[in-house]
Amino acid sequence: MPAPNRASLRPMTVVTRFAPSPTGLLHVGGVRTALFSWLYARRMKGKFVLRVEDTDRERSTDDAVRVILEGMQWLGLTADEGPYYQTRRFDRYREVIAGMLTAGTAYHCYCSKAELDAMRAGQIERKEKPRYTGLCRERTEPRAGVPPVVRFRNPLEGAVVVQDLVHGAVTFQNSELDDLIIARSDGTPTYNFCVVVDDMDMAITHVIRGDDHLNNAPRQMNMLSALGATPPVYAHVPMILGPDGAKLSKRHGAVSVLQYEEEGYLPDALLNYLVRLGWSHGDQEVFTREEMIAAFDIHDVNKSASAFNNEKLMWLNQQHIMRTPPARMVPYLVAQLRRLGIDANDQGLLESVIVAQRERSKTLKEMAQSSRFFFVDLIKVDEQAAAKHLTAEGLGRLGQVRECLAALNDWNAAAIHTALSELATRLETGLGKIAQPVRVAVAGVAVSPPIDTTLALLGRERTLARMDAVLPPKAA
Ligand code: GLU
Ligand code: ZN
């Protein structure tokens with residue numbers, strides 16, 4: 001009996017990659033494939049590679065690259081390797097092409113555009129599928145003065161079966177696949193070829209990508225085999241659809257992923273939303289990042305496309321705001337406050353404000369707006385709120401509240417609560433009635449967290465000063 005092959009007994013390390021083309025700003029559709037690749041690598045304790053497919057120099061932009069890098073960082077989809085850039089790997093592609101020409105798995109094609117057009121016209125006329133016929137496959141002599149392209153010598157017979165984890169076995173006949181151009185006449189490599197060399201060099205074991213690439217898989221597998229590499233496992237995940245049922249795109253207002261940061265979404269909420277499109281785990285809706293990693297399996301992703309739903313995302317965001325430890329949300333609130341021109345750095349106050357506000361905030365942007373008054377010296381009192389609550393009666397009550405608060409020894413929520421309740425009893429009115437004028441005076445608006453918490457967080461000095469600012473001056 002032959003000795004067991006040790007290599008095959010070693011568990012394979014899973015290596016996945018996210019390979020965006022920076023031709024448009026990264027949006028939620030791309031983020032979802034990135035998330036699936038990242039999750040699967042984390043789940044399998046493997047590696048996640050980031051690769052920027054920027055060979056289309058005309059359509060690639062620096063801004064799109066920036067959004068990929070900043071977006072992945074904001075989302076916490078950290079790469080173990082990369083970012084690699086295809087434009088920096090041209091020497092390597094040229095090297096592989098040269099090797100294929102020598103090995104005969106690729107050949108020079110000298111056909112002119114006019115010849116190819118005529119070939120195509122004839123095929124259409126005969127109702128055949130337009131394809132390159134392989135005219136130059138056996139050519140041995142160059143054509144003088146014509147810079148050739150390089151084509152891959154695709155097998156003529158047999159079939160390629162993509163064992164897709166989402167779609168099952170998908171069979172392609174080699175007779176349907178013509179000889180792909182892998183280098184243009186100026187020597188630059190083409191897209192499908194770069195993907196192949198990269199997946200091989202980066203030892204990718206699982207290619208998880210949008211199902212608009214399913215048709216590229218058989219050609220890529222053939223090229224990998226020609227290069228002596230084992231093709232990876234493929235999982236072509238369904239695209240996200242817009243409300244009209246078409247693939248989600250800019251037309252649907254699919255915005256840069258960074259827009260979600262600006263709008264005050266938590267990265268974990270967005271990821272939670274995206275993981276549930278096409279994947280489920282019992283009837284669990286809310287997942288922490290750790291729970292996603294523990295439960296996710298690419299084998300369980302289903303092939304029906306799902307439509308993007310902003311309300312559900314908003315709901316999940318609120319759920320995550322409620323559940324995330326306040327300290328972890330501080331940086332996000334700080335960033336939102338900074339956008340409002342506020343430099344907040346009191347960690348204790350920030351955490352307490354988050355606790356006080358989280359039940360009433362759907363986004364961190366909303367939280368920052370309604371928490372502004374905690375962090376500024378001077379507030380502006382809303383005119384409508386003042387007209388409603390700072391009436392003669394309201395101001396009368398406010399004066400009494402001020403007096404009783406000024407006499408407090410301890411400034412904390414419990415003491416404030418007791419003092420205000422006692423005052424309400426004495427005035428034979430409800431706590432709400434005396435809280436509203438106070439709220440308008442200190443927050444500038446008629447909504448805030450519970451009044452005792454609000455005043456405790458504001459501090460005695462600010463509370464009393466804001467009351468004084470709206471109260472009529474005392475007669476000397
Ligand atoms: N660069 C391709 C895209 O952005 C993805 C290619 C791949 O994942 O193989 O659509
Ligand atoms: Zn040719």
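Since every read-out is calculated from the coordinates, none of them should be taken as a lab result. Predicted model, so just to flag it, every value in this text is computed and none were measured. A quick note on method: Cβ atoms are made from the backbone with ideal geometry, for glycine too, and the neighbour counts reach across all protein chains shown.
Rg/Rh for segment 182-313: what does it come to with C-alpha atoms and Rh from Kirkwood?
Values: Rg = 17.9 Å, Rh = 17.3 Å.
Result: Rg/Rh = 1.04.
Using only alpha carbon pairs under 8 Å that are at least six residues apart, calculate the relative contact order of segment 280-437 and give it in whole percent.
Working: 92 pairs, mean separation 26.0, N = 158.
Once normalised by length, the contact order is 16 percent.
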*Would you kindly derive the ³J(HN,Hα) couplings of segment 147-158 from the backbone phi angles with the Karplus curve 6.51 cos²θ - 1.76 cosθ + 1.60 (θ = phi - 60°), listing them in order in whole Hz, with x for Gly and Pro?*
x, x, 8, 10, 10, 6, 7, 6, x, 7, 10, x
*What's the long-distance tail for segment 275-335, i.e. % of Cα pairs beyond 17 Å?*
52
*Could you give P(r) for segment 307-365, binned at 10 Å from zero, as whole percent values over all Cα-Cα pairs?*
23, 50, 22, 5, 0
*Can you give me the Cα centroid spacing of segment 446-476 and segment 204-227 in angstrom?*
66
_Spin-label pair Asn412/Arg251, simplified geometry with 7 Å Cα→Cβ offset, distance in nm_ = 6.1
_Amide proton proximity set for Asp164, modelled H, under 5 Å, gap of 5+_ = Ala169, Val170
*State, as an integer percentage, the relative contact order of segment 411-464 based on alpha-carbon contacts under 8 Å between residues 6 or more apart.*
44
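Tell me, in nm to one decimal, what length is gained between Tyr85 and Leu378 on full extension, where the rule is 0.36 nm per residue of separation less the Cα-Cα distance? Each step should come with its number before you reach the end.
Numbers: separation 293, 0.36 × 293 = 105.48 nm, distance 4.99 nm.
Contour length minus the Cα-Cα distance gives 100.5 nm.
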*Taking neighbour counts of Cβ atoms within 10 Å as a proxy for exposure, in what order, fewest first, do Val161, Val470, Val438 appear?*
Val161, Val470, Val438
*asked:* Semi-axes of the equivalent ellipsoid for segment 33-151, please: Cα gyration tensor eigenvalues, times 5, square-rooted, ordered largest first, whole Å.
replied: 40, 19, 16
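Translational diffusion coefficient of segment 79-200 at 25 °C, 0.890 mPa s, Stokes-Einstein with Kirkwood Rh over Cα pairs, in µm²/s as a whole number. Each step should come with its number before you reach the end.
Numbers: Rh = 16.4 Å.
This corresponds to a translational diffusion coefficient of 150 µm²/s.
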*Could you give me the ³J(HN,Hα) list for segment 16-32, computed from phi with Karplus coefficients 6.51, -1.76, 1.60 and θ = phi - 60°, whole Hz, x at Gly and Pro?*
10, 8, 10, 10, x, 9, x, 9, x, 6, 3, 10, 4, x, x, 4, 5
_Least to most buried among Phe308, Phe193 (fewest other Cβ within 10 Å first)_ = Phe308, Phe193
*Are there cysteines in the chain with no other Cys C-beta under 4.7 Å, and if so, which?*
Cys111, Cys194, Cys404
*Enumerate the amide H contacts of Ala106 below 5 Å, restricted to partners 5 or more residues apart or on another chain; note that Pro and chain-start residues carry no placed amide H.*
Leu101, Arg153
*Among DSSP beta bridges lying fully in the chain, give the percent that are antiparallel, nearest 5.*
50
*If exposed GluC sites (Glu not before Pro) are those in a DSSP loop with at most 10 other Cβ within 10 Å, what is the longest stretch of the chain that has none?*
158-427
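At a Förster radius of 30 Å, what calculated FRET efficiency corresponds to the Cβ-Cβ distance of Arg92 and Ala159, to the nearest 0.05?
Details: r = 30 Å, r/R0 = 1.02.
It comes to 0.50.
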*Work out the P(r) tail for segment 374-456: percent of alpha carbon pairs separated by more than 21 Å, whole number.*
23
*Near Lys247, which aspartates and glutamates are there with a Cα under 16 Å away, not counting those fewer than 8 places off in the same chain?*
Asp211, Asp212
_Contact order normalised by residue count of segment 145-200, Cα under 8 Å, 6+ apart, percent_ = 36
*If the viscosity is 0.692 mPa s and the temperature 37 °C, what Stokes-Einstein diffusion coefficient in µm²/s follows for segment 124-187 when Rh is the Kirkwood radius over Cα pairs?*
230
*asked:* Could you give me D for segment 412-476, from Stokes-Einstein at 25 °C and 0.890 mPa s, where the hydrodynamic radius is the Kirkwood radius over C-alpha pairs? Units µm² s⁻¹, please.
replied: 200
*Where a Cα-Cα gap under 25 Å defines reach, which lysines qualify for Lys129, not counting those fewer than 8 residues away within the same chain?*
Lys113
*If we restrict to alpha carbons, what Rg and Dmax does segment 290-395 come to, in Å?*
19.2, 68
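Based on the Cβ-Cβ distance from Ala446 to Ser421, what FRET efficiency comes out when R0 is 22 Å, to the nearest 0.05?
Details: r = 20 Å, r/R0 = 0.92.
FRET efficiency, Ala446 to Ser421: 0.60.
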*asked:* Give me the extension gain from Thr23 to Glu428: residue separation times 0.36 nm, minus the current Cα-Cα distance, reported in nm with one decimal.
replied: 139.0 nm
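Working from the alpha-carbon coordinates of segment 136-256, get Rg over Rh, Rh being the Kirkwood radius.
On the way: Rg = 17.3 Å, Rh = 16.5 Å.
Rg/Rh: 1.05.
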*asked:* Take Lys312 and Lys127, extend 7 Å from each Cα along the Cα→Cβ direction, and tell me the distance between the two endpoints in nm.
replied: 4.4
*Determine the principal axes of the Cα atoms in segment 213-281, then give the extent along each, sorted from largest to smallest and rounded to whole angstroms.*
49, 26, 25
*Projected area of the chain, taken from the Cα convex hull and averaged over every viewing direction, in nm²?*
34.0
*How far apart, in nm, are two points set 7 Å out from the Cα along the Cα-to-Cβ line at Leu464 and at Asp346?*
1.6
*Pop out the ³J(HN,Hα) list for segment 394-404 in order, Karplus 6.51 cos²θ - 1.76 cosθ + 1.60 with θ = phi - 60°, rounded to Hz; leave Gly and Pro as x.*
x, 5, x, 5, 4, x, 6, 4, 4, 4, 6
*asked:* Can you say what percent of the DSSP beta bridges in segment 102-234, counting only those with both residues inside, are antiparallel? Round to 5.
replied: 85
